[in-house]
Amino acid sequence: MSEHTSRPVLRVTGVHKKFGDTAVLKGIDIEVARHEVVVLIGASGSGKSTLLKTVNLLEGVDDGQIFLQGDDITDPRVNADRIRARIGVVFQHYNLFPHLSVLKNITLASRNVFKIDKATAEARGRELLRRIGLEEKATEYPDRLSGGQQQRVAIARAIATEPELLLLDEITSALDPQLVGEVLDLVGELKQSGSTIMMATHEMSFARRVADRVIFLSQGRIVEAGPPEQIFDDPQQPETKTFLSRLRAAEPGA
Amino acid sequence: MTNATQPEATLDERQPSQVELDRRAFRRKQNARSLLISIASTIIFAVLVWLLLINSPGWSDVQRSFFDLDTAISSFPQIIVGLWLNIQVLFFAAILVGIFGSLLAIARTLRGAVFAPFRLGAAIYTDFFRGIPLLLVLYLVGFGVPALGFTERLPMQFWGTIALTLTYSSYVAEVLRAGIEAVHPSQRMAARSLGLGYSKTLRLVVLPQAVRKVTPALMNDFVSMQKDVGLISVLGAVDAIRAAQIEVASVYNFTPYVVAGILFVLLSWPMIRLTDWYTARAQRREQMGGQV
């Protein structure tokens, strides 16, 4: 594997996380290589979202370490803002800034964190908008866009600063079924262009199509991990089998 | 996948790894350090201010006329009695402001053509009373209204309460209106979909959320009113300020004012702390958020 030749972009080792007395993550180990797309699946409450939040330092860990390009980002000495600037995040509920236009949403970090001048940032922002097919919405405010359009803008905002790692947290869960496609197509495009992505999703058919590796989480532990064909067609663990069969019963297409 | 570096976790208590123990130690050290720094900087700052004060050329005069302990002790009983009047006025004014301010806010947010006069009336009222200085309202209500002769002689604290209510209702109404309008329309829709009528929607769903959103601003108005209660002294009501004034005139020393000032601060302090505590609790309950 390429892990031996190049350093993994993300390395999570032995991460534990508790909320009060509830252990949400119980010793998670994951490596994500450059250009790899890793998909986290599992029931609600399995720890997918929490794991993504700890990687972006939006939640602290109670034990274990997380390395981004070899830097220990769980070290309390690191500047968390600088780490977060290197990671792009897309949230389930878009979290666009309603007081800023679409273009300003996309260029906010470029201008205020990376200190890129206005003209350059906006040129790049417009180029991104063209890429996601929303060029004519540059001056609109987020509330005027459909959910799918908002989520595409949120993705553009996350990749505008060319992050080393992209985290997608159930980005289609809040969307109407007919809008899911446009967002997932964009993610597929990001994979083509070589982004390194870790994502949590309930879209199993998409996971199968786009994932290099699928990780099944249950109750804060990794139950099974492997290429999508193996996880979906030939799961080894009984828990994985139960999860997938329940999902198929509920949603025959998946 | 790498092997787990920790021993397998038991359900209850697992032994933290060395890395985590180091991190905890580092954080403890950081916390201790920042605590020490904050204590040190506070002490240094306080000492500097103190030195500046006592080395000022007029300090001994100021100390004698503003910070005289004997005068403070001798004037204390009268001022406390006066403060009791302030508290009474505040109590009734706060209740009246709550009622009247809410009615005004609701009047301003009513929809429908029939309610146009209410909306207009409330708008004119709030514009007028937010613009006019409280002192003028006190004079107009305290000296003007009794002169009309409709009522028997009423104590000045009564008119003071009315004047405070008139002015502060307009402030509170505007704050509440902002809160009502900040409640997302989807909340009204959800309430109406359950079959709640307009007023029940307002009372059970919109107003509680509105009040929560604007609690800090409302509390700010309340604290502000707490000290403006002292202005009723201009009408001749013997409140804390007026009592202090009488003492000042008899002993030719300003210390009673300082005593009254300290008492007003002490009066408002529990409320301020309560507000902070309450808003922090509401935030914890309703806004789930991480550490950022």
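Assorted remarks:
- Hey, A:Ala109 among the small types (Gly, Ala, Ser), surrounded by 17 or more Cβ atoms within 10 Å (Cβ to Cβ), away from every other protein chain (no Cβ under 14 Å) and in a helix (DSSP H, G or I) or not: yes
- Considering B:Ala260, B:Ala217, the condition of being assigned by TED's automatic domain parsing to the domain that holds B:Val137, touching a residue at least 24 places away in the same chain (Cβ under 8 Å) and more than 24 Å from B:Ala122 (Cβ to Cβ) is satisfied by B:Ala260 alone.
- Which listed residue is away from every other protein chain (no Cβ under 14 Å) and modelled with pLDDT under 95, from B:Pro7, B:Pro117, B:Pro16: B:Pro117
Okay, residues lined up against (1) touching a Phe, Trp or Tyr at 6+ places or on another chain (Cβ under 8 Å); (2) of a type in the set (A, V, I, L, M):
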residue: A:Arg124; (1), (2): no, no
residue: A:Lys137; (1), (2): no, no
residue: A:Pro142; (1), (2): yes, no
residue: A:Ile159; (1), (2): no, yes
residue: A:Leu165; (1), (2): no, yes
residue: A:Ile171; (1), (2): yes, yes
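- Search result, residues across the stretch A:23-36 that are within 11 Å of chain B (Cβ to nearest Cβ) and over 18 Å from the mean Cα position of the chain (by Cα): A:Ala23, A:Lys26, A:Gly27
- Among the residues of the stretch A:218-245, those identified as among the charged types (D, E, K, R), loosely packed, with under 13 Cβ neighbours inside 10 Å and assigned to a helix (DSSP H, G or I) are A:Glu229, A:Asp233.
- Selection within the stretch A:196-210 - at pLDDT below 95, buried (at least 20 other Cβ atoms within 10 Å of the Cβ) and part of a loop (DSSP other than H, G, I, E, B): A:Thr201, A:Glu203
- Total residues in the stretch B:122-170, condition touching a Leu at 6+ places or on another chain (Cβ under 9 Å) and small (Gly, Ala, Ser): 6
- Helices (runs of 4 or more DSSP H) fully within the stretch B:67-149 counting 1 or more residues that are in contact with a Pro (Cβ under 8 Å, 6 or more places away or on another chain): B:69-109
- Taking the criterion of being within 11 Å of another protein chain (Cβ to nearest Cβ) and either part of a strand (DSSP E or B) or over 19 Å from A:Phe114 (Cβ atoms) (or both), the residues of the stretch A:50-65 that qualify are A:Thr50, A:Lys53, A:Thr54, A:Leu58, A:Glu59, A:Gly60, A:Val61, A:Asp62, A:Asp63, A:Gly64, A:Gln65.
- Screening the stretch B:185-243 for residues that are of a type in the set (Val, Ile, Thr) and within 18 Å of B:Leu96 (Cβ to Cβ) and picking the one that is farthest from the chain's Cα centre (by Cα) gives B:Ile232.
- Which listed residue is within 30 Å of B:Ala249 (Cβ to Cβ) and aliphatic (A, V, I, L, M), from B:Ile87, B:Ile39, B:Ile95, B:Ile99: B:Ile87
- Number of the condition not met by A:Leu103 [criteria: (1) out of contact with any strand residue (DSSP E or B) (no Cβ under 7 Å at 6 or more places or on another chain); (2) surrounded by 18 or more Cβ atoms within 10 Å (Cβ to Cβ); (3) touching a residue at least 40 places away in the same chain (Cβ under 8 Å)]: (3)
- With respect to the conditions (1) out of contact with any His (no Cβ under 8 Å at 6 or more places or on another chain); (2) on the phi < 0 side of the Ramachandran plot; (3) more than 11 Å from chain B (Cβ to nearest Cβ), A:Val12 falls short on a single one, namely (3).
- Every test in (1) within 12 Å of chain B (Cβ to nearest Cβ); (2) touching a Ser or Thr at 6+ places or on another chain (Cβ under 8 Å); (3) in a loop (DSSP other than H, G, I, E, B) is passed by A:Ser46 save one, and that test is (1).
- Any hit, the stretch B:179-197, residues being under 22 Å from B:Ser224 (Cα atoms), β-branched (Val, Ile, Thr) and free of Cβ contacts under 8 Å to residues at least 60 places away in the same chain: no
Quick grid of which residues meet (1) surrounded by fewer than 20 Cβ atoms within 10 Å (Cβ to Cβ); (2) in a strand (DSSP E or B); (3) touching a residue at least 12 places away in the same chain (Cβ under 8 Å):
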{"site": "A:Val153", "(1), (2), (3)": "no, no, yes"}
{"site": "A:Leu167", "(1), (2), (3)": "no, yes, yes"}
{"site": "A:Phe216", "(1), (2), (3)": "no, yes, yes"}
{"site": "A:Leu247", "(1), (2), (3)": "yes, no, yes"}
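- Tally of residues being within 18 Å of B:Leu134 (Cβ to Cβ) and of a type outside the set (Ser, Thr, Tyr) across the stretch B:219-251: 20
- Residue check for A:Ser6: polar (S, T, N, Q), touching a strand residue (DSSP E or B) at 6+ places or on another chain (Cβ under 6 Å), in a loop (DSSP other than H, G, I, E, B) and more than 12 Å from chain B (Cβ to nearest Cβ): no
- Residues that are within 14 Å of chain B (Cβ to nearest Cβ) and under 26 Å from A:Gly125 (Cα atoms) occur at least once in the stretch A:69-81.
The values are calculated or read from the model by the stated rules, or taken from the named source; none is laboratory data. Being a predicted model, the structure only gives us computed values, none of them experimental. Backbone-built Cβ (ideal geometry, glycine too); neighbour counts: all protein chains shown.
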